[in-house]
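What follows is calculated from the coordinates using simple rules that are stated; it is not laboratory data. Keep in mind that this is a model prediction, so the values were computed, not measured. All Cβ positions, even for glycine, are placed from backbone atoms using ideal geometry, and neighbour counts span all protein chains on display.
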Amino acid sequence: MRRLIIMLLAVLAIPETAAESKPMLGEFSRNRLDGWERQSFKGETRYQLQNLDGVVVLKADSRAAGSGLFKEQRIDLEQTPFLNWSWRVANRLSGLNEQSKAGDDYAARIYVVIKGGLAFWQTKAINYVWAGGSGKDSIWPNAFAGDHAMMLALRGPEAALNRWYSEKRNVRADLQTLFGEDLRIIDAVALMTDTDNSGKQVTAFYGDIWFSRD
C-alpha cells in the first residue's frame, strides 16, 4: 500500500494562496468541515465532529483501517510560517516499529504537503506524528515514501493519554531542516489516524488547525 504517495498525488487542483493573517484550515470548533476531503486506503477511519468538554472537536476512530482527510489550500510561509493545532489520544499504539511498513501506523498525524506537479517524484511532505514507539523529537523517512515524506514525532510514548497538547511548528524552518531547501509555499494539509498495518484500534481527537505569522 502506497498510502502517502497516493495522498500526495491527490493534491492536484490548488486554489490561490491564502493571504489572510491567520489562514484557518480546520474550524472544527465552529462545527465545520468545509473543504476537507476523504482519502481512503484500507477500510475507513471514522471521522466525526463531536462535543467534548464543551468544545466541538474532530474525533477519529480507527479499527484496523487507514483513511485520512485532506484540505487543499496554498499557504505562503513567508507570511504565515507557523502551523498551530491541538490533539489528544485515548490509547496508545505500542509495540510497533514505525520505521517499517508493518508498523507505519499512528494514533494521530498532521501532514503538510508541497506538490511536485507533473514531476510527482518531487512531492514532499512532513508528517508531524503522535508516535507509539518512537521518542519525542525522533525523525525518520517514511517506510513507504522514503525521504520524500519525513516523519517527526512531536509526541511519543511518554505523552499522557486523554490530555490535550497544543502544537506550534515553524513549517518553513522544519522544511529547511528536513529537506535542505527554503520552500516557501505549501499546497495542502492532511490529517490521519490509521491502524491498517497493525490491525489495532485507536481513538484520537483534533482541535482547530490554522497558520499564523508568529
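If I filter region 122-134 down to residues being in a loop (DSSP other than H, G, I, E, B) and touching a helix residue (DSSP H, G or I) at 6+ places or on another chain (Cβ under 8 Å), which single residue comes out as nearest to Ala190 (Cα to Cα)? Lay out the reasoning, then the answer.
Residues of region 122-134 that are in a loop (DSSP other than H, G, I, E, B), as a first pass: 123, 131-134.
Now drop any that are not touching a helix residue (DSSP H, G or I) at 6+ places or on another chain (Cβ under 8 Å), which leaves 123, 133.
On the way: Thr123: 14, Gly133: 22 Å.
The qualifying residue nearest to Ala190 (Cα to Cα) is Thr123.
Report yes if some residue within region 55-78 is crowded, with 16+ Cβ neighbours inside 10 Å, part of a loop (DSSP other than H, G, I, E, B), touching a residue at least 12 places away in the same chain (Cβ under 8 Å) and hydroxyl-bearing (Ser, Thr, Tyr); otherwise report no.
no
How many residues are in contact with a strand residue (DSSP E or B) (Cβ under 6 Å, 6 or more places away or on another chain), closer than 21 Å to Pro81 by Cβ and not in a strand (DSSP E or B) if we restrict to region 135-173?
The qualifying residues number 1.
Pairs only if they're at least six apart or on different chains, beta carbon under 9 angstrom, first in region 89-101 and within 17 Å of Met192 (Cβ to Cβ), second assigned to a loop (DSSP other than H, G, I, E, B) and of a type in the set (Asp, Glu); list them, first residue then second.
Cβ pairs passing all conditions: Leu93/Asp105; Leu96/Asp104; Leu96/Asp105; Glu98/Asp104; Glu98/Asp105.
Name the residue that is surrounded by the most Cβ atoms within 10 Å (Cβ to Cβ), counting only residues in region 138-154 that are in contact (Cβ under 8 Å) with a residue 60 or more places away in the chain and under 29 Å from Lys22 (Cα atoms).
We begin by selecting, within region 138-154, every residue in contact (Cβ under 8 Å) with a residue 60 or more places away in the chain; these are 142, 144-145, 148-149.
With the extra rule that they be under 29 Å from Lys22 (Cα atoms), the set shrinks to 148-149.
Values: His148: 20, Ala149: 23.
The extreme case among them is Ala149.
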